[in-house]
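Note sheet for the following structure.
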Amino acid sequence: MKEGQPQNIQRSEYTAPSHLIETTDLVVDINEDITTVKSVLKMSKNPAAESKAGSQDLVLDGGQDLETISIKVDGRELSSNEYSIEGEKLSLFDVPESFQLETSVAIKPQENTTLEGLYKSGGMFCTQCEAEGFRHITWYLDRPDVLSKFRTTVHANKKDYPILLSNGNDIERGEEGERHWVTWEDPFNKPAYLFALVAGDLECVEDQFTTMSGRDVKLQIFSEAHNIDKVGHGMTSLKNSMKWDEEAYGREYDLDIFMIVAVESFNMGAMENKGLNIFNTSCVLARPDTTTDAGYQRVEAVVGHEYFHNWSGNRVTCRDWFQLSLKEGFTVLRDQQFSAAMGSETVCRVNDVATLRAAQFPEDAGPMAHPIRPDSYIEINNFYTATVYEKGAEVVRMIRTILGENKFRLGTDLYFDRHDGQAVTTEDFVCAMEDANEINLEQFRRWYSQAGTPVVDALGEYDAEARTYTLTLAQSCPATPGQKNKQPFHMPITVGLLSSTGDDQALSITGDVIANKIRSASGEESVVLNFTQDKESFVFTDVPEAPVPSILRGFSAPVKLEYPYTRDDFMFLMSHDSDGFNRWEAGQRLAINVIQEMIANLQQAKAQPVEQSADIAVDQRLISAFASVLDQAIAAGKDPSFDRAMVAEMLILPSESYLAELMDVVDVDAIHQARERVRLEIATRLRPQLMTIYELCEGGYTYEATGSEIGRRDLRNIALSYLMQQGDDESVALCRKQFETAICMSDTAAAIRAVVNSSADAAVIVKSDLLETFYNRWENEALVIDLWFTMQAVCPLPGTLDTVKDLMAHPAFTLNNPNRLRSLIGAFAGQNNVNFHSVDGSGYEFLASQIIAVDAINPQIAARILGPLTRWGNYDTKRQALMKEQLNRILATENLSNNVFEIVSKSL
Ligand code: 0A1
Ligand code: ZN
């Protein structure tokens, strides 16, 4: 149980800070037992603050973990009646208009398991200050709208901590016996959440980048010695990011040095601290034999993301944490654009949308649903969500779609120029877009305030005589917590009309409804419709024949589109739509349509008094659609320009999670059974083609992380996983051979995964042998061992929970490292639908016990792995009861963190 009600913080209650901090001077003296932090702050009353009559008090933030040694104002030690410390607040009474505040505190980073503030990861000290970690280092006005100039001196033992880093430029260093120190000065004002410090025995790879104005920037990536051979791809990604941001957004880097440090224990992916990014090893290290292609792509995306924050987040930051999507939504869009520019635009878009649907749609439909700009929170760390990040990116992307590329750039230029050095709001962002372009985004702003995934119902009608085609759109948005009735959104709906030969028809339309006409390189036409009403009809004129509409091209709005397409329409769109995203989408919808029908049949058979064997034959149109996709790839032979990554995407069936998201009452078993049945049908009917692809896509002896090579491997490994669906000796032998000869982790992992997931006799015999070989080979590579845990945790076969429990006792397992914990517990609960939702409730009980244990160590992570338990509303009554029972058990735990409390209590 929680003692006392945690405070709910409201967006509407924002007030400007009472004081400003012109300069922040820190001296951090690191020792193995006690670290002292001396801080000197030049403070003054904020002229912009609403002066509360007569109050000259200053209230600073700090953690319970600060042991205060002294407090001085203008050099004079305060006596105990001049201040008070209550919980996490330090109040100074009657301070002057402007003054120097000097505090000294003691902390114990080596005991800090929460991984926020200053903590120890392996042998190194490092920091994580977003969102409110700085207060665990020293007393401060720990809020993003207090910007200060930082100077930091770090002292530590020379032998164990030869490298001492902080933000900005190192301006001075010295030695004192066994200890040494370095002083860093950051010339840019910044909020405390962007502060960083690292002390460790680190190696470094160095490179250089010349900016567009000709300045040389030193680039350094630091890691522990055993990982330094894995930083090359991160460095390439960094240089590409710097170049891309200059070209795409006109943004140049502003310091003379940019550093990245790789740390093993980190709560999130990485952190954009000014000039000193700190990265989870999983998001910066890559080597062909240890890292999958997806890992390589993730490194590129995250390095880009953190780098882009230098402008969207650091130079222009957030006024308060309700504005988090200001920096995160925009920066995710920027990293998505960057990845698209580095690889295949369509493949990137497909993956972004698949992530949105699998992670954000369920969140938006669940008890934690919130607008991208939330109205209240108990614990801000719970709002680093798919909604704030991924839906936030979709919202900025929609602005770009409405405005078009060039006008969007005018808007971002104005935004950066106008607000450089300021802490601002999402409203300021939208205003800059409006002011630069004379456009009214009044209604569009509802995307910032209304939660929930809108549904768009579309209907088309062709009038042969009038040669008109009328597309009628109706929108609605389900109720979400605290928001019963929604106002219509302003949605950009990108549309094309296909003729019977599959060509795009020329588009003309009546009325002033078009935002933007898009003409692709090959001349095809789309229009962006401004859809703003509950229901609206758009009339296309001069349409020579009844078209097949291609709606929501490029997924132009984050909505669920309904249109009465037939399965034949899907097949037609799959092969003819000029929009790559909608070609993929048509394939997905066809598969969903077929699988949903099979699920219904399975459920009906089960509901019979005597269970009948269900007729779950697979519609052969789906098989022929897959056949023609494979045939195209075969026809392309070894042509390196052919987009195999896209073919691979087309061959992946919609995930079980997305299929679950589409059901009113989720039936995990029927979903799994139906999907597996389709996979088997594909494997059986298309075996010759799959085998041809497998052979055709064999690679050479060198690894390249290029789009075309990644596509080749993807396609080959998908073929292998289908082949293994039959579990025959020949396929198992292929897996073994691939496992033994692979030169990269994508190939190794695909081979072993296919065997682990198979219940066929031939696979069962070799499984433990392969797992053991894999473990022994990679024992010393933490990120590979994470993969090893995950591949076992996500196995859908019966008995996996017992395997997971056994693995918890494995010497390599620990609850203290977030990557490891996520690789086993997170993967089991989040990706193993059939086993986690086992109807005996064992998966729920297991997760709840782990959450309770983890909460005492690292509340942020405990709250993050809770997600799957909170979605009880989507399941049958029996499972609902079991899930709620576990949520209540968690809630009854003593000393529960605010993090877990907020999510559990809101979900019940
Ligand atoms: N701003 C970082 C994400 C981040 C957020 C919180 C953290 O610790 C609680 C760490 C990182 C990003 O968007 O990459
Ligand atoms: Zn970010």
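The values are calculated or read from the model by the stated rules, or taken from the named source; none is laboratory data. All values reported here derive from a predicted model rather than from experimental measurement. Every residue, glycine as well, gets a Cβ built from its backbone with ideal geometry; the counts of neighbours run over all protein chains shown. These accessible areas exclude ligands, DNA and RNA; they are computed on the full protein's heavy atoms, side chains included. Shrake-Rupley method; radii C 1.70, N 1.55, O 1.52, S 1.80 Å.
The sole residue among K149, K120 that is under 25 Å from M271 (Cβ atoms) and buried (at least 20 other Cβ atoms within 10 Å of the Cβ) is K120. If you go through the stretch 320-337 one residue at a time, do you hit one that is assigned to a loop (DSSP other than H, G, I, E, B), open to solvent by 10 Å² or more (accessible area, probe 1.4 Å), touching a Cys at 6+ places or on another chain (Cβ under 7 Å) and away from ligand 2 (no atom under 16 Å from the Cβ)? No, the stretch 320-337 contains no residue that is assigned to a loop (DSSP other than H, G, I, E, B), open to solvent by 10 Å² or more (accessible area, probe 1.4 Å), touching a Cys at 6+ places or on another chain (Cβ under 7 Å) and away from ligand 2 (no atom under 16 Å from the Cβ). Residues that are more than 16 Å from ligand 1 (Cβ to nearest atom) and open to solvent by less than 10 Å² (accessible area, probe 1.4 Å) occur at least once in the stretch 293-308.
Can you name every residue in the stretch 526-568 that is part of a helix (DSSP H, G or I) and out of contact with any helix residue (DSSP H, G or I) (no Cβ under 8 Å at 6 or more places or on another chain)?
Scanning the stretch 526-568 gives no hits.
Of the residues making up the stretch 276-307, just one is more than 18 Å from N819 (Cβ to Cβ), within 16 Å of ligand 2 (Cβ to nearest atom) and either aliphatic (A, V, I, L, M) or assigned to a loop (DSSP other than H, G, I, E, B) (or both), namely L276. Listed conditions (1) open to solvent by 10 Å² or more (accessible area, probe 1.4 Å); (2) away from ligand 2 (no atom under 16 Å from the Cβ); (3) in a helix (DSSP H, G or I); (4) not small (G, A, S) are all met by E465, apart from (3).
Whenever a residue of the stretch 590-617 is farther than 23 Å from R685 by Cα, its partners that are of a type outside the set (D, E) and open to solvent by less than 50 Å² (accessible area, probe 1.4 Å), lying with C-beta atoms within less than 6 angstrom and at least six residues away or across chains, give the pairs Q603/A670; A605/A614; Q612/A605. Of all residues in the stretch 309-350, those being among the charged types (D, E, K, R), within 22 Å of D643 (Cβ to Cβ) and away from ligand 1 (no atom under 15 Å from the Cβ) number 2.
Do we have any residue at all in the stretch 399-413 that's within 16 Å of ligand 1 (Cβ to nearest atom) and either farther than 26 Å from N530 by Cα or in contact (Cβ under 8 Å) with a residue 40 or more places away in the chain (or both)? No; the residues of the stretch 399-413 include none that is within 16 Å of ligand 1 (Cβ to nearest atom) and either farther than 26 Å from N530 by Cα or in contact (Cβ under 8 Å) with a residue 40 or more places away in the chain (or both). The residues on offer are R409, R400, and the sole one that is more than 24 Å from S550 (Cβ to Cβ) and open to solvent by 30 Å² or more (accessible area, probe 1.4 Å) is R409.
Checking the stated criteria, T113 turns out not to satisfy the condition of being more than 15 Å from ligand 1 (Cβ to nearest atom) and polar (S, T, N, Q).
Of the helices (runs of 4 or more DSSP H) lying entirely inside the stretch 790-908, those containing at least 3 residues that are surrounded by fewer than 19 Cβ atoms within 10 Å (Cβ to Cβ) span 800-808, 842-855, 877-891, 898-907. Counting just the residues of the stretch 159-215 that are in contact with a strand residue (DSSP E or B) (Cβ under 6 Å, 6 or more places away or on another chain), of a type in the set (A, V, I, L, M) and not in a strand (DSSP E or B), which one comes out farthest from W311 (Cα to Cα)? In this case the residue turns out to be L202.
To keep it simple, each residue is scored yes or no on (1) outside any helix (DSSP H, G or I); (2) buried (at least 23 other Cβ atoms within 10 Å of the Cβ).
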position	(1), (2)
N351	no, no
L356	no, no
G366	yes, no
H370	yes, yes
L414	no, no
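Screening the stretch 623-638 for residues that are without any contact (Cβ under 8 Å) to a residue 60 or more places away in the chain and open to solvent by less than 70 Å² (accessible area, probe 1.4 Å) and picking the one that is nearest to A591 (Cα to Cα) gives A625.
Output the number of residues of the stretch 358-370 satisfying the condition of being more than 16 Å from ligand 2 (Cβ to nearest atom) and in contact with a Lys or Arg (Cβ under 9 Å, 6 or more places away or on another chain). Total satisfying the criteria: 8.
If the condition is being open to solvent by 70 Å² or more (accessible area, probe 1.4 Å), at pLDDT below 95 and charged (D, E, K, R), then the stretch 519-537 contributes only R519.
Within the stretch 681-723, the set of residues being small (G, A, S), touching a helix residue (DSSP H, G or I) at 6+ places or on another chain (Cβ under 8 Å) and more than 20 Å from S759 (Cβ to Cβ) comprises G699, A705, G707, S708, G711, A719.
In the stretch 256-274, the qualifying residues are those that are touching a residue at least 40 places away in the same chain (Cβ under 8 Å) and within 16 Å of ligand 2 (Cβ to nearest atom), and the one that is surrounded by the most Cβ atoms within 10 Å (Cβ to Cβ) is N273.
State all residues of the stretch 419-468 that are within 22 Å of R553 (Cβ to Cβ) and in contact with a strand residue (DSSP E or B) (Cβ under 7 Å, 6 or more places away or on another chain); if no residue qualifies, say none. Those that are within 22 Å of R553 (Cβ to Cβ) and in contact with a strand residue (DSSP E or B) (Cβ under 7 Å, 6 or more places away or on another chain): T453, P454, V455, V456, D457, A458, L459, G460, E461, Y462, T468. Across the stretch 715-772, the number of residues qualifying as assigned to a loop (DSSP other than H, G, I, E, B), open to solvent by 20 Å² or more (accessible area, probe 1.4 Å) and under 23 Å from I682 (Cβ atoms) comes to 6. Among the residues of the stretch 216-245, just one is surrounded by fewer than 20 Cβ atoms within 10 Å (Cβ to Cβ), closer than 19 Å to G304 by Cβ and among the small types (G, A, S), namely G232.
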